[in-house]
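Quick notes on the structure that follows.
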Amino acid sequence: MNAIKYLIPVWLSIVVYAGLSLFSGAVGFLAYDQLVRERDRQQQNLEALQELNRKLKGDTDALLYDSDTIAAYARELGYGRSEERFVRIVGLSNRRKQNHDPGQIISAAKPQFMAESDIRFIAFACGLGLFSCILALDLLRTRRTEIH
């Protein structure tokens, strides 16, 4: 039984390594959670871009097939027919009828996780610390029994 207790630090190292890898490693629960949040963010951006695409497609169709829409856009740019007269009202801002948002470029965030070498070091340090404590207790016990 005396020698078996020195295997406890090895098992502690394995448990610490497995626990840290499971929760904060590169393929652990925390990294997976970050990937799910990033996927949802990208999905929302994709839906917003698809909605913008539908609006732009409608504007394109209107410009292709509706002469009144083309005339309205031309008037906004200051063009008109020869028989038309323009009245300029001073003091009003020069507003365009439609401003289109070009969308948003979203880059994926870098996932945050513990490096494999850090996990190994922590597990080794825990095992070594427990081994040192067990060894120190055994040395103190043997010294105490030798003194008495």
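Here, each number is a calculation from the coordinates, and none is a lab measurement. Everything quoted here is computed from the prediction, not taken from an experiment. Cβ atoms come from the backbone with ideal geometry, glycine included; neighbour counts cover every protein chain shown.
One table, with the values for the structure above:
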{"read-out": "Residue-averaged [θ]222 nm for the chain, counting only DSSP H segments that reach four residues, each worth -39500 (n - 2.57)", "value": "-23000 deg cm²/dmol"}
{"read-out": "Relative packing of 122-130, 55-63, which averages over residues the other C-beta atoms within 10 Å, highest first", "value": "122-130, 55-63"}
{"read-out": "C-alpha center-to-center spacing [the stretch 18-72, the stretch 101-148] in angstrom", "value": "40"}
{"read-out": "Of (1) 77, 16, 7; (2) 53, 15, 12; (3) 28, 16, 14, the label for semi-axes √(5λ) of the Cα gyration tensor in Å derived from the coordinates", "value": "(1)"}
{"read-out": "Kyte-Doolittle mean at least 0.0, axial Cα span of 30 Å or more - DSSP H helices of the chain", "value": "116-147"}
{"read-out": "Highest to lowest packing among 42-49, 78-85, scored as the average C-beta count within 10 Å", "value": "42-49, 78-85"}
{"read-out": "Charge dipole (the chain, unit charges on Cβ, about Cα centre) - positive-most of Ala26, Tyr79, Ile105", "value": "Ala26"}
